[in-house]
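Some notes on the structure that comes next.
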Amino acid sequence: MKKILAFGASNSRSSINQQLAKFTAHQLKNVEVTILDLNDFEIPIYGIDKEKESGIPEKAQKFIDLLESHDGMIISLAEHNGNYTVAFKNVQDWASRLKKRMWGGIPIFLLSTSPGGRGGANVMNVALQLMPRMGAEVVAHFSLPLFKDHFSEEGITNQELKLEFEKQLSLFEKQLSTVS
């Protein structure tokens, strides 16, 4: 059985991106899902001086260990001022000191959502450019605009967006099935 790691790239306790990541993971059949809470990986803000003084935090290694123990990932990116949240960027910065290509080349379904009409499009563009340089194999991506208007407990409520989401989910599932 394939193992999937899913999380919202936010430290908000009421993260809409965490909701979208969980929903997406539970759409997959015959997989074991691990839901990660980024709050469990709160570590000092990365800096070279901090690294020289104290070394790399144990939680950065635990993050890498989690990534390496899964066959695929679902990451829903929250957008702060057009970019990653500080919480996500910080964990990524520390983890990349341990393993430059930290995402490990496994299939990733990148998501983003926001209350606004662009659905985190800016952070999605940033991630699509930068994450592959760090070993991310982004095989599918989807941005959900106007989260409160287009999402409920049952899932994506806008039919056009739902169809695009399902298409991207299918691409991810297909790629995941090829992982040995």
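None of the figures in this text is laboratory data; all of them are computed from the coordinates on show. Since this is a predicted model, take the numbers as computed values, not measurements. Every residue, glycine among them, receives a Cβ derived from its backbone with ideal geometry; neighbour counts consider all protein chains shown.
Return the subset of 3/99; 22/62; 100/162; 3/59; 22/89 for which the Cα-Cα distance in this structure is over 28 Å, preserving the input order.
Details: 3/99 21 Å; 22/62 21 Å; 100/162 35 Å; 3/59 21 Å; 22/89 20 Å.
Too far apart for the 28 Å limit: 100/162.
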So what are the chain's ellipsoid semi-axes, whole angstrom, largest first, if each one is the square root of 5 times an eigenvalue of the alpha-carbon gyration tensor?
-> 26, 19, 14
Charge dipole of segment 2-177 about the Cα centre (unit charges at C-beta), most positive-ward option of 94, 81, 115 | 94
Scan segment 139-180 for GluC sites (Glu not before Pro) in coil per DSSP, keeping those whose Cβ has at most 13 other Cβ atoms within 10 Å, and list them by number.
-> 153, 154
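For the chain, what is the calculated [θ] at 222 nm in deg cm²/dmol (nearest 500), taking -39500 (n - 2.57) for each run of four or more DSSP H residues and dividing by its residue count? Write down the numbers at each step before the final one.
On the way: 7 runs with 74 residues, N = 180.
Value at 222 nm, helices only: -12500 deg cm²/dmol.
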Segment 126-180 and segment 37-70 have their Cα centres apart by a whole-number Å value of 26 Å
